Structures are given as structure tokens and as C-alpha cells.
Amino acid sequence: MAVDRRGFLKFVAGVSAGVMVTPIPWKLLDDASIWTQNWPWIPSNVDGASTYVSTVSKLCPSCVGMKVRLVGDRPVRVLPDDNHPLSKGGISSLAVAEAQMLHSPARVKRPLKRAADGAYVAISWEEADALLAEKLAAAKGSLACVSGDETGSINDVLSAMTGKAGSSNFYLMPSEAQPAAKAVAAMGGEGQLGYDIENSDYVLAIGANILESWGTVIRNRAAFKATRPHGEEPAATFVFAGPVQNNTAAGADQWVPIKAGTEGAFALGIAHLLIKAGATADAADFSAFARLAGTFTPAKVAELTGVNEDQLKDVAKALLKARRPLVITGSEFGQGTGAASVLAGVAVNMLLGGLNRKGGLKLLPVAGPVVDGAMTRAEMLGKDFVAYMSRINAGKDKAPAAMVFYEANPAYALPQAAKMAEVLAKVPFKATFTTFLDETAMLCDLVLPVPMGLERLDDVATPYGSGQALYCLARPVAPMPAHVKPAGDYIIALAGKLGMDLGVGTWEEVLQAKARAMGADWDSLMDGNVHVSSSTVNAQPAFGAGMLQKGIATKAAEGDYAIAPVHKLNVGTAKTAIPPYNNKTIRRWELQGKELYVAMNGATARKLGVMKHDKIVVSNKSGSISARVNIFEGVMNDTVAVLMGLGHTAFDQFSKGKGENVMQLLTVGFESGTGLSVWNMAGATISKA
Amino acid sequence: MEIKEFKVKWGMAIDLDKCTGCGACMVACQAENNLAPIADASNKIKVMNWLVVYELSNKKPFPEHDVAYLPRPCQQCGHPPCVSVCPVVATDKNEEGGIVSQIYPRCIGCRYCMAACPYHARYFNWLDPVWPEGMEKALTPDVSVRPRGVVEKCSFCHHRFMKAKDKAIAEGRDPEALADGDYVTSCAEACPNGAIVFGDLNNPDHQVYHLSRSKYASRLLERLHANTQVYYLSRREWVRRQLDNYLDNEKVKG
Amino acid sequence: MEKNYSLPADHDLFPDGAKRCSLMQFMAWMGIVGVVAAWGLYAAYKVLSTGLGVTALDDYFGFGLWITFDLAVIALGAGAFFTGLLRYILNIDPLKNIINLTVIVGFICYSGAMLILVLDVGQPVRAWFGYWHANVHSMLTEVIFCITCYLIVLIIEFIPLVFEQKQLDRIPVLHHIAHNLHVMMPLFAGVGAFLSTFHQGSLGGMYGVLFARPYVFRDGFFVWPWTFFLFVISAVGSGPVFTVLIATIMEKMTGRKLVSWEIKSLMGKIAGSMLFVYLIFKFLDTYGWIEHILPHAGLTFDQNFYGNIYGQWLLWAELGVCGVLPCIILLTPSLRNNPALFYSAALLDCIGITINRYVFTVQALAMPVMPFDSWETYAPNWAEWGSSALIIAYGAIVLSLSYRYLPVFPQEKKLNATKA
Amino acid sequence: MADRHLHPANGNSAPSQFGGAAPFFVGLVVALILGWWAFPQMLFSQKHQPVRFSHKVHMEGAGMECKSCHFLREDGSYAGLPTTESCAECHSEPMGEDPEEARFIEEYVNTGKEVEWLVYQKQPDNVFFSHAAHSVDSCNNCHEFTETELCSQCHPNVAETDEAPVYYENKLTKYSKQTMKMWRCERCHANPEHFGTTRSSNACYVCHK
């Protein structure tokens, strides 16, 4: 039978009709839409049993306690830990995505060596071991070591290794713990300053960004939470003094605008009013202090700090009225402040009878070193890395032959960042133990990957700002990636290879020794419990009036406009950069694409003749940054607020090339008396771009 | 206005005087609900965020300026503008507890619900979600990952409600009578300031029941009668005034 | 049949007695349109393969150019149902001379809108959920059903015209089908008018029911929001003149008279009358909005406008220059019969309706409802323009083919003969 | 071609009309066979479990119970399938002669790898199914199910089999052919009689995540 066209058409018609009464079109239509809910390129849920492990964050500067939820062996969430004194049911915006950061694209996955052409090549650990041992052996006494871990016993190991190499150049990255330690020393006291925020009914934070980044911030905020029942009148008053209406000011009952870097003068102004009202303290140099404070009249303080005199008097009055007032001085951005402002703050507490009093200022005991030849904590905090770098820069000190960094990112995080990078370049050999490929790693000859806090055994001993001495362990909850090595054991072994005897065999021994020194029970710590001690150091410290007088003589900042760096934990730290999950929390007018926005108030903008979104250049002798203008009325006159934590030149797509690094603009000066490097008073000129 | 009422009504009371805008809730939300990170999150109106923290200003110049932060989850309206408009019943308010559901495999992505919602609580998957290599290992098994082309929104961590019920069943308790705290959202759990309180608005044993009745409590855009299940508290009059549109001569309560 | 080489190669397919340009010329024109279509196809491909992220739409502007375009063409395509209604149901006989064109324009507008919707929904493979899992409470469901049904009606109305093509008409089956469909046309016109009224209305209703969007919310008239009626009447107030504009453009491009002035004028008069009715309601509605809906939501009139992009000029342009002015021209015989004024009025009328659809779609979404929220702006990008251009190109192709091969204009022969 | 149209086909004669319809019916039958027989074959691929597991041996031989492996965890979530670790509690060393057991130990126990068992009723990610809620306790408010009967409402009863059934995977959707679709859940969930006793409303979020 020949098939003609008509027959064929009929056949097609038959097929068409037939197909409609088969599952083909309908099943395909349905399955196609089911296919859209199961696209193979979209990740799918992987189930498993949930377990929860209590640990502490080594990533977040607040040392927040946390509970990690694992599904099978995968950490998927970081949750607050109700039982941890540094969490109390809260979590920081940085630590909360720590489980996700385990898979950050910026992680270093294997040891890297800088080749002759400047590129990095992956090498084996054997090769890395050999190279490091060779260079360190060659460097001998000319070794410097920098640690970015402020609370861990790794510093005992690192400082012991540095010491045994015949060098005293072990440094911690700058923080507020150093000026505080200097202040305690100047007062003739001992121990570490602790702040009993929980029991205070009036907390005056001068500069200290206590509800966002200062100290054990999640604990601070738990205290804030506890004193203000939802929808009721607060049981404690929080007052913030600083140049920007930052997150702490947003939570505080009162914001007292004062210029950046004038915290000490403001505190002395308060002291002046308190003494006038009859306050006194049982200290040897009270009269010297009273004389000094006497010169800080409200008018003078108003001139120095830009504070409204009435507001100053109100605060002093409220402090006198409060039952358990507490004054905390600090820097809005957690560094760069001098010992004088701490001394002035402590002085106000002493005048208010707040030393070692409930809801006041405490002197917390500090555990001694547990590794042979390690520095004491006081010694460590006495070392000033920025000053060291400045000395090298000025030719007063020789650049070391080798520098070892441990979880530190000085190439990004130091003031006058560009200058500091130049100084680092003078060091012939640099090695870094790091989790992420940061700016410092990009300058190093050898990059050694270390596990993240969630993957290793580590410890936290009484972070600065804590109200009590405490000790806890970070326990490994996630499997360690194949090619990273924990630094503790590695350095102990390395020291052995170099013929140094640190007196310990393993990293765990170090931690056990530290636990003993802190009076903690190891087994309990390993169960995730925190050792807390309520003991304080009994001391009768003086005001340190002499030192204070020298240090308080603030010099005016360069330029017509003040720089106020704004520190927010959600933007990450120098060590972490912007965590992938935190990009969305950066506010719209803080960063747009690659452009930084800086904030100023309307009056300042009018004075400059700029409007929102206008491009400006902020510059001083240290450097310059270009940015766009955002108008925010919560900034003092003649001040620009600049968000910290941007302008990374390393890390990954979530951080690199976004905005500018405010550290470029911060100029290092030296405090008279203590010689401490300070950079909390930066000025700049602003021009339209 | 027909308002859906339920025996149990999950709701929030957010104290705007306690929120300092740190963003922990936003990050916790993303990690809990498997939202993908994004390299450039500058375009805030094209970036997926079930919970957004808005910045409120009293609009006065320095030094009279005051600032407040307002976390905005889905308001889980009692009379949701979004539900009735959905042509395919991908979103509904029908379950005990009163959470507005969003079913991703049903959604065709017409975005009518987004046009309807004045809170901008609804987000569209403009592109397929992408995690940096390996980061998908940190996804939770609790919430399905959404492909491009569908709308999503805050679910009050509904999966935690399911888990709380399962736990109650396993322990022989009544899954319909969860105690205060048995079920909380990820944002409320994470907030270090305790600004967000979560619970049953109909149960006097739950804290939110009382907070929602505070003289400082009001809801967003109340006069539109969406009848939301999220209450905001502030002792500051200017903050309360920004929770709804008021003509100059109108007073605000509290 | 003897070959006549002076005629275009495809002259056998032309309508009886119609003169058409050479095939080369026609292909050249098709080529130009094809380039635009290719660009649009590329845009469409990007949208479908990558996702809607390639557009400038965002979470504030879930609706943008495409929805504006859809609403506008659907309103302007209303010439089809309304003319059909007048021609077949109300027996206004002279309209037979333009009814074919209105059907084609209607078909293009509706099918084009459907094509755009395929791009606009995030999950086109699930588009059939609209029928299978329909939510009867949603205005969009009503729209989906009505548009689909009406598109089918338009296809049925278009079919006889296609079958009347000179060569196809020789096939008895097709001839009979075409003839019988013609006989039934009043029925389809009636069904079409009913469906079209409903979905024009429900398109308006889509916005009117958004009670949390005070810019577009309109309290109900019984169960219907005001916008339901406004959209219907505004569509019939502009659709007829849009068809006239299309016819006129075709005349300019082909150099042949296609529709007599009387018919155009009649269409203008019809549109003008409907526009007049619309404007009465629209002014009442605007007054009610300002005096009732806005204060009720705690808003003032001024708060509904922002900068230049969403300024009050849009409202005045829509109501005045593109509303009252064309209405006056179209209803005043002396003005209407001046071609320049007439075409200007027709154009303004169409622009006015487009502005209306634009502000309802875009400005409504731009306006912040939460007091602490900000105005946002929206500008479509190449992907949206490209795919919209694709639809215009598609329309041009369908019209060109129809004009060349189908007996669209009954008056063509006579008009051009008298001219000669 | 035009010629054909000019001569009306001799369509009036009965035989040719019948002959004219034949291709239509041939087409119809072809389509039906294609649609009802060939298409389902083409749509699904057959898969087998990665390890041959005998429920019978474990139940009868080792005296285990269903809930030895498939149990509700303390938090109310369902353990589903056992992990390699829990299998290794017995099978750290071969217990019998079966080469499959030896292979299992070598490939999985020794490496710590999890077996990618094929789950016949595996639900999509967007489904939240609570085994805790679908318990004998709640269902037997009205029914009189044994545990096996209840489980068999959804799962194949494999307790007495030596070999696991073949797994059919939909090539397009990648889901198991046996996966319950929504209408099957709705047999109970959309049944108003169930609401009062089981609280099993048919609201979307009751089952979706």
C-alpha cells in the first residue's frame, strides 16, 4: 500500500489523537514540573542525626561561647550556648556563620611557598618543614614572632620558641589589652582589668564600643539584655560617649558625642566634677590626681572633647546617684588608645569606689606561663609591635632575619598599613601560620595552613573585658582538612628540631598545664564546661597620676576633619575578612560595589559643599582613601565615620577589592610617659574628587 | 476583613530599644534557612534576605539625632495581602499556628505576591543559588534549597515548629501545647540582646502574649488591616510613629 | 496561466486584485524585522537559560516593563473585542471594513502578551499550574483563564481570514470552515466581548485588590474594585484608535489606501465617546482616592510622588494632555476631521493609557508604604527591551504577512481604484 | 499539487472512505502502544541496591527487629537507615561466608564510607515527613494496624525477603517510581474525618519544608 500524503496526514492525526489518551503528554508535563523542583545543579538536603557540641569561638574576638550543631559529622550551624558565660544565649554576627566559614574560598588548603617569580606554589609539608627549620636556624637570635591570638596558650609556645632562639621579639597584635596592662603597671597594681557589667546599674562606656565590638561583647550584651526587660523601664542605664552614634549608642539610653581620642579628657572632666562633689579615694597619689583633675574644668573638657557641658554634668550627677556605677574607657575601634585614657577611666571608678566592688572594676588573676622560657602575660602585653615596626622603619632597630606570624594579619591591620607593609618587606624571610590567605600571607615566603577553631583543640583564657577570670577549651568538632596541621604540636615539634627544649611534648600537655594553672578541671573542660573564678587580685593601686599627666597631654590631630573608624563585628576581622554569609549585613550606604561610603552629618557636608553620593578623597600624611558621602546625623561635626574592615586586597570574592582600608589613614604617635604607640586620633583633609 | 484565627498563633515581639543593629539575626537566618551567600550584596533590593534590619532615624540634625534598628521578618499577617493573590495556591495561611506558608515547588514565580506585600518580606530567586565550592556541606537538612524562579520568604523557621512537635510526641507531650521556648526562630535564638521574643500570642503562659499587649507595642502598618503577627515595642514615641503612616495631626498610641 | 514577470514571484498568493511590492523588497523588510527579532530571541534565551537575574527587575519591582507592556498591548488590543461587539452584536455595519485588522491586532497583542508572560514567570515549565492548581480567589487566575480563552476566540476569529487566502480558499473543506465560522462569528464576538471585558476588568482588579498598596488600592463596588471598570472602559476608549493608527502606519508604509477616512473617523468617535465616559469615572476615582483612600492609610497626596521619575507630571499628563485633550479632539467633529489633529489625538490617547498602566505597575511598587522605607527607581535593561522588541517584531511579521497574503482590507481595491 | 485541489477527491465512495480511515486507526494504535507500553519502559531506569542486603537473614537469622535499625531518635527525628558505623557493630569482621558481606566490610566498614542505599519512598527535599506523627498510637485511634501493616501503607514489606526489590528511577525527575505523590498523602490528610483525631490537616506547611 503506497502511503500518499493524505494517508500520512491521517496517520499523524491518528497518532496525535492516540497520544492524547496515553500518559505521554500528561506524565511528561507533570514530570517536567517535578524536574524543576529537583534540578541536579541545586544542592540537596543531606540528612543525618543532629548532635550539639559546646565550644568557644577562636575566630570572633569576643571569644563567644557557642553550641555547634552537627548533622552526621558536618557542622551546619553555630548556635548560642545558654550555659557559656561568654554567650549566655547570644551569638555574634561573626561567629554565627563560622560553620559556613569552614568552607570559605579564602582558606589555605596546603602549604604554599613563594617561588622565585613571586607566584605561590603548593609544596608538601616535608618541604615546608625543611624550609622553615633551615630559615629559623639561620636566623637564630634575629627572629621575630607575631601572634594574632590574644587569649590562647599558643602564645606560651610561640614566645618560648622565640625566647629560646635568643630573641625577645615576641609580639601580640595590638589591642586594648596592651594599654590596659600598661595602666595597671603604672598604677602599681597587678592582674588584668575586669569589668563587672552584669552587676552594674549605670554603665558609662567612654569610647568603648561595648555593645558591638569591645571586649567580651556578647557577654556585655547579655548583661544589657538582662537589665532591660522587654517593654519595661530598664533596670540599668547605659551611656555611650564617642564621636559616632554607633551600635552601642543605638542601644544606650544616652549618647554623649565626644571627639575621637578624647576619652581620657572626658573621664578626667567627670573626675573633676566627682571630686568637686566630694568624691575621694584611698590612694597614695590622690592629691596629685586631684590637682590634675582640677585642671579639667567642664569648660576645658568641652573645648577638648566637644562635649556639651550640661551633658557632662548630667553624667557626673547620674554616676554619683547610681548604686553600682561602672566606667569603661576604650577605643571605638578596639585599638590605638593610650594608657592614659585607661588610667583616667580607672580613676573615675576609684573615685566611685568601684575597684573590686560588685558591679565595678576588678583586678583579675592571670595564670603564669606553662612552657619553659615563655613570657608572662604581663611581659607579652608590655611588648609593642607597632613601636617595634616604627623603630625598624626609623632605622633604630634592625629588621629581623626571619619573622613568623601566627593567625596575624599585620599587613592589613596595622595603622599606616602601607608603611607597615614596606617595613615587612625589609624582612628577608617571613612565614605565617594562617587559616585564610590574607594580606600578610601574600607577603610571606612560606604559608602554613592551620585548622580553624572548629577543627582544632585550643583554649581561651580570660579575654580582656571579661568580668571574671575564666578558662575554656575550643574542641575540634569538625574533621580537619587533609593538608592542614594544628600549629601547637607543629611548633613544639619544630622547636625540638631546632634543638630547643620547651619542656612539653605535646600541645595537649600545654593546655592541661594551663588548665592546672587556672585551677580548672581538665575533664570538665573537655566536656565543654567553662572554668570560672570569682577571685580578684587584692591590691591597693594608686592613680598613676604622674603617668596620666604626661599621657593625657593630647596633641591636636592633623587636618580639619577627624576620622572616626567604626568597628562592626559583622564585617569580620583582619583575620577573617568579610565572611561569605555576612556580606548582606553590610548596610546599603556603607558600601556599594567596590565603593566605600563614609558618613558625615549634614552640617559637615554643607561645610564641605558635598551631598550624599558625592565622591570625596580623605587624605593625610599617612595615606588617602577615596569614598562617597553618606549623610548620617549621628556623627559629630567635622568628623567622618569610616567603616573598618573593608579594602581587603587578599582573601576571596566576598572581601577582596571592596571599599578602602581605614587603617591607611591612622597615623602612629607615641604617648608621652609610656611610650606606647597610639593612633586613635587621626585627622585628615577632605576634598571633592 | 476576614482574619484567619487559630488556637495557636505564633508571633514575635521585637524590642526596638534593645536592637542595636548588629546583624547576627540576619546571618543566623541565612545559615538556618540555606540562603546562598553572594559576592556583591550591594543591590539591597535584589539580594535574598528573609530578615532585614532597617535603620530608622528621627530625622533630626546632630546632636538631636537618634537612631533605631528594626528587624523585619515576614509579618505573618492574619489577613495576608499576598495569599489571596497567588494564582496557584503556592502560599497559604491555613495551618494551626498561623504561619503564612510558601511552597517552592508549587510557585510559578509570577511575583504577584511580592507586589502585594508592603513589607517587602518576599524575595525572588533571580538566579540559581550558588555556594562556594564545598560550602554546600554546611547546609542544614531542614529546609529545601530553592531553585531560581520561585518566591521565598521567612517561614518563622517553620521546620523548628515541626521538630518541636516531633520532640513533644517522642517525649509523650502534647504537640499542640508547646511550652514557651520549645519552639523559637533562629533569629530570636541568636539575638545577643534578646530583642526578639517568640512564642504563642494566644497563650498567656508565653511571654509574647503579654508583650503584645504592652502599651509600647504596635504593629507595622496597622491601619492597612493586614493584622500582622509581629509586634514592635519601643518606649520612644518617634520610633512608634514610624511604624505606621500618620497624618501630621494624628496621635500615636502608647 | 501565463507567467507575468513584472509581477512579484509570489503574486499568486496575493488577495484578489491587490498590488504588492516585490518579493525582494518584502524580504528586505522582513530582514530588518528579523534582526530585531533575533536580538529579542537572544534576550529571551538569556532570560530562560540563566534566570530573571539578567533583567533589571528586583525584589521591589517584581513587575516592570514586561507587565506594563502586557497591560498596554492588551488594553490597546481591545479594539478587537470592542469593534467585534459593535460590528456583530450591535450591527454597526461599516465596521466590517476594519474588523479584520482589529482581529489581527488583537491576536498579535494577546499572543504577544502570552509570550512575554512565558519569560516573566520564573518557572515557565510550571505555567500550567495556573489552570490545574487554580486559586479562585486570585484576580490573576481570572486573568489567566480569560486571556487563554480569549486568545482561543481570537484564533477562531483569525482562522476564517487565513482560510480566505486566495489559494487556501480553493480547498472546499477550508472554504466551508471559513464560511461556517463567519456565520457563527456573532457568537464568538459575543463570547469574546464577554471574556475580554472580564479580563480587562480583572487586570485592573489585580491592582485594585492590593489593599496594602495605597497607591493602587480601590475600594470595591460590590465585589469589584473600581479599577475593574476603569480598565475595561479605558481599554475600549483607546483600542479602536490604536487599530486606526496601525492601519494608518500600514498605509504610509505600503503607499496604498486601506481604510476609508469615514471608518477611521467613526472609530475615533467611538473611542472618543468611551474615553469621555472613562474620564468621568477616572476623575471621580482620583478624587475618591485622594479624599478617602489616602487619608485612611495615613498618607497625603504628595507622598505618592517622587522626584521627576515618579512626579505629578505623570498624573497630569495621563489625565490632561493624554486624556481630556484627545477626548475633546475626538468628540468635536471639526477637530476630528482634521487628520493631523485626529492622529495626534489617537496617539495621545494610546500614550495616556500606557502611562496609566505604567504608573499602576511601576509607580505603585516604587512608592514606599513603610514610613522608614525609601522610594526606589526602576529602569528596564536590554534583556527586557529586547524581548519586548521581539514581540513588536513578531507583530510586524504577522501583520506584514497578513497584509501581503490575506484579504484584510475589503475597501482596498475600491479605494485605490478610485484614487487611480 | 494545485491540480489535486482542483479535482475534488472521489471521497464519496464507501470503500475508499473506509480505506481513508485506516491510516488514522493505525496511527491511533501505534500511539497507544507507544504511550502505554514503550513510554513507561523508557521513562524509568532500573537500579539495584549497592549492597545486597537480606532482611530475612537479619530478622530470622540474627533475631533482629525492624526498629533495631529503623527507629525514632530521642529528639523525635527518624533514623531511617543504619549508618556503616552501626552495621560495623556486628560486621567489623565477616560473620559468614557470603562474599557480599566481605565486599561490604572491605568497601564500606574499612573505609568508613556510608552506603548509598536506594530508598524506595524517598521524598523530595521539599517534603517534611514526620515518622513520629504517623505512629501506631495516633493511627490506631481508629484503625487497628499492626506496626508492619502501618509501615506497609507506604513502604514495601521487605522483612522476609532475601533480595531487595528493584529500584525504578524516573529518568526525568530522578525520583523513585514508588515515591508517594501528594495525592496519596491527601487520602488521609484531605480527609476531614482524620482532622479531629490526628490533627492531620491538609495545610501546605503540614508536610512541606
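The values are calculated or read from the model by the stated rules, or taken from the named source; none is laboratory data. What you see is a predicted model; the values in this text were computed from it and never measured. Quick reminder, even Gly has a Cβ in these numbers, built from the backbone with ideal geometry, and neighbours come from all protein chains shown.
How many of the residues making up the range A:494-527 are hydroxyl-bearing (Ser, Thr, Tyr) and part of a helix (DSSP H, G or I)?
Kept after step one, since they are hydroxyl-bearing (Ser, Thr, Tyr), are these residues of the range A:494-527: A:506, A:524.
Next cut, part of a helix (DSSP H, G or I) only: A:524.
Residues in the range A:494-527 being hydroxyl-bearing (Ser, Thr, Tyr) and part of a helix (DSSP H, G or I): 1 in total.
Inside the range B:231-254, can you point out the residues that are closer than 20 Å to A:Arg228 by Cα and either of a type in the set (D, E, K, R) or in contact with a Pro (Cβ under 8 Å, 6 or more places away or on another chain) (or both)?
Keep residues of the range B:231-254 that are closer than 20 Å to A:Arg228 by Cα, which gives B:231-240, B:254.
B:Arg235, B:Arg236, B:Glu237, B:Arg240 - these are the residues of the range B:231-254 that are closer than 20 Å to A:Arg228 by Cα and either of a type in the set (D, E, K, R) or in contact with a Pro (Cβ under 8 Å, 6 or more places away or on another chain) (or both).
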> Among the candidates C:Val136, C:Val143, which residue alone is β-branched (Val, Ile, Thr), at the interface with chain B (Cβ under 10 Å from one of its Cβ atoms) and assigned to a helix (DSSP H, G or I)?
Replying inline: C:Val143
>> The conditions are (1) under 25 Å from C:Gly130 (Cα atoms); (2) in contact with a Pro (Cβ under 9 Å, 6 or more places away or on another chain); (3) surrounded by 23 or more Cβ atoms within 10 Å (Cβ to Cβ), and B:Val85 fails exactly one of them. Which is it?
In response: (2)
> Going by the structure shown, is C:Ile249 assigned to a helix (DSSP H, G or I), under 19 Å from the mean Cα position of the chain (by Cα) and not aromatic (Phe, Trp, Tyr)?
Replying inline: yes
> List, please: which pairs have Cβ atoms under 9 Å, are six or more places apart or on different chains, and start with a residue in the range B:13-36 that is at positive phi and end with one that is of a type in the set (Gly, Ala, Ser)?
Replying inline: B:Gly21/A:Ala250; B:Gly21/A:Gly251; B:Gly21/B:Ala68; B:Gly23/A:Ser93; B:Asn34/B:Ser144
> Out of C:Leu115, C:Leu119, which single residue is within 14 Å of chain B (Cβ to nearest Cβ), assigned to a helix (DSSP H, G or I) and modelled with pLDDT of 90 or more?
Replying inline: C:Leu119
>> Quick check on my filter: what residues within the range C:256-301 are under 27 Å from C:Leu415 (Cβ atoms), assigned to a helix (DSSP H, G or I) and not hydrophobic (A, V, I, L, M, F, W, C)?
In response: C:Glu262, C:Lys264, C:Ser265, C:Gly268, C:Lys269, C:Gly272, C:Ser273
>> Can you report the number of residues in the range A:287-297 which are buried (at least 19 other Cβ atoms within 10 Å of the Cβ) and not in a loop (DSSP other than H, G, I, E, B)?
In response: 4
> Take the residues of the range B:18-46 that are more than 7 Å from every other protein chain (Cβ to nearest Cβ) and within 20 Å of B:Ala217 (Cβ to Cβ): which is surrounded by the fewest Cβ atoms within 10 Å (Cβ to Cβ)?
Replying inline: B:Cys19
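Let's see how each residue does on (1) surrounded by 21 or more Cβ atoms within 10 Å (Cβ to Cβ); (2) of a type in the set (Lys, Arg); (3) within 14 Å of chain B (Cβ to nearest Cβ); (4) closer than 17 Å to C:Leu315 by Cα:
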{"residue": "C:Ile353", "(1), (2), (3), (4)": "yes, no, no, yes"}
{"residue": "C:Phe360", "(1), (2), (3), (4)": "yes, no, yes, yes"}
{"residue": "C:Ser374", "(1), (2), (3), (4)": "no, no, yes, no"}
{"residue": "C:Trp382", "(1), (2), (3), (4)": "no, no, no, no"}
{"residue": "C:Trp385", "(1), (2), (3), (4)": "no, no, no, no"}
>> Quick check on my filter: what residues within the range B:69-84 are touching a helix residue (DSSP H, G or I) at 6+ places or on another chain (Cβ under 7 Å) and either more than 7 Å from every other protein chain (Cβ to nearest Cβ) or closer than 21 Å to B:Glu5 by Cβ (or both)?
In response: B:Pro71, B:Pro73, B:Pro81, B:Cys82
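Considering only the range A:629-645, I want to know if a residue exists there that is farther than 25 Å from B:Ala68 by Cα and more than 19 Å from the chain's Cα centre (by Cα).
So the first thing to find is which residues in the range A:629-645 are farther than 25 Å from B:Ala68 by Cα, and the list is none.
Scanning the range A:629-645 turns up no residue that is farther than 25 Å from B:Ala68 by Cα and more than 19 Å from the chain's Cα centre (by Cα).
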> For the range B:218-239, how many residues are within 11 Å of chain C (Cβ to nearest Cβ) and surrounded by 19 or more Cβ atoms within 10 Å (Cβ to Cβ)?
Replying inline: 6
>> The conditions are (1) within 26 Å of B:Tyr231 (Cβ to Cβ); (2) facing chain B (nearest Cβ under 9 Å), and A:Asn246 fails exactly one of them. Which is it?
In response: (1)
> What residue, of A:Gly345, A:Gly373, A:Gly359, is farther than 19 Å from A:Ser153 by Cα and in a loop (DSSP other than H, G, I, E, B)?
Replying inline: A:Gly359
> Which condition number in (1) within 26 Å of D:Cys207 (Cβ to Cβ); (2) at pLDDT below 95 is the one that B:Lys215 fails?
Replying inline: (1)
> surrounded by fewer than 23 Cβ atoms within 10 Å (Cβ to Cβ), more than 30 Å from C:Thr50 (Cβ to Cβ) and of a type in the set (A, V, I, L, M, F, W, C) - does that describe any residue in the range C:114-127?
Replying inline: no
>> Just to confirm my filter: which helices (runs of 4 or more DSSP H) fall fully inside the range B:103-197 and include at least 1 residues that are in contact (Cβ under 8 Å) with a residue 40 or more places away in the chain, crowded, with 24+ Cβ neighbours inside 10 Å and away from chain C (no Cβ under 14 Å)?
In response: B:158-170, B:186-190
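Within the range A:377-430, take every residue that is hydrophobic (A, V, I, L, M, F, W, C) and in a strand (DSSP E or B) and give me the one that is farthest from A:Thr151 (Cα to Cα). Before you say what the answer is, go through the steps one by one.
So in the range A:377-430, the residues hydrophobic (A, V, I, L, M, F, W, C) come out as A:378, A:380-381, A:385-387, A:389, A:392, A:394, A:399, A:401-405, A:408, A:411, A:413-414, A:417-418, A:420-421, A:423-425, A:427, A:429.
Now narrow it down to the ones that are in a strand (DSSP E or B): A:402-405, A:429.
On the way: A:Ala402: 24, A:Met403: 21, A:Val404: 18, A:Phe405: 16, A:Phe429: 27 Å.
Checked the range A:377-430; the qualifying residue farthest from A:Thr151 (Cα to Cα) is A:Phe429.
Would a scan of the range A:108-124 turn up a residue that is part of a helix (DSSP H, G or I) and under 21 Å from A:Pro451 (Cα atoms)? Working first, answer last.
So in the range A:108-124, the residues part of a helix (DSSP H, G or I) come out as none.
There is no residue in the range A:108-124 that is part of a helix (DSSP H, G or I) and under 21 Å from A:Pro451 (Cα atoms).
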>> Filter the range A:206-251 down to the residues that are touching a residue at least 60 places away in the same chain (Cβ under 8 Å), under 20 Å from B:Phe62 (Cα atoms) and assigned to a strand (DSSP E or B) and list them by number.
In response: A:Ile206, A:Gly207, A:Val239, A:Ala241, A:Gly242, A:Val244
> Among the candidates A:Pro257, A:Pro234, which residue alone is out of contact with any helix residue (DSSP H, G or I) (no Cβ under 8 Å at 6 or more places or on another chain) and within 14 Å of chain B (Cβ to nearest Cβ)?
Replying inline: A:Pro257
> Do we have any residue at all in the range C:27-43 that's in contact with a helix residue (DSSP H, G or I) (Cβ under 9 Å, 6 or more places away or on another chain) and within 14 Å of another protein chain (Cβ to nearest Cβ)?
Replying inline: no
> If you scan the range D:26-51, which residues turn out to be closer than 24 Å to A:Gly48 by Cβ and surrounded by 13 or more Cβ atoms within 10 Å (Cβ to Cβ)?
Replying inline: D:Gln49, D:Pro50, D:Val51
> Consider B:Gln207 against the criteria (1) at pLDDT 95 or above; (2) surrounded by fewer than 24 Cβ atoms within 10 Å (Cβ to Cβ); (3) farther than 19 Å from B:Cys19 by Cα: it satisfies all of them except one. Which criterion is unmet?
Replying inline: (3)
> In the range D:125-153, how many residues are surrounded by fewer than 18 Cβ atoms within 10 Å (Cβ to Cβ) and in a loop (DSSP other than H, G, I, E, B)?
Replying inline: 10
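Take D:Ser152 and tell me if it is out of contact with any strand residue (DSSP E or B) (no Cβ under 7 Å at 6 or more places or on another chain), within 12 Å of chain B (Cβ to nearest Cβ) and either free of Cβ contacts under 8 Å to residues at least 12 places away in the same chain or over 24 Å from D:Lys47 (Cβ atoms) (or both). Outline the logic, then answer.
Working: out of contact with any strand residue (DSSP E or B) (no Cβ under 7 Å at 6 or more places or on another chain): yes; within 12 Å of chain B (Cβ to nearest Cβ): no; either free of Cβ contacts under 8 Å to residues at least 12 places away in the same chain or over 24 Å from D:Lys47 (Cβ atoms) (or both): yes.
No: the conditions fail for D:Ser152.
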> Is it the case that the range A:586-596 has a residue that's in a strand (DSSP E or B) and more than 11 Å from chain B (Cβ to nearest Cβ)?
Replying inline: yes
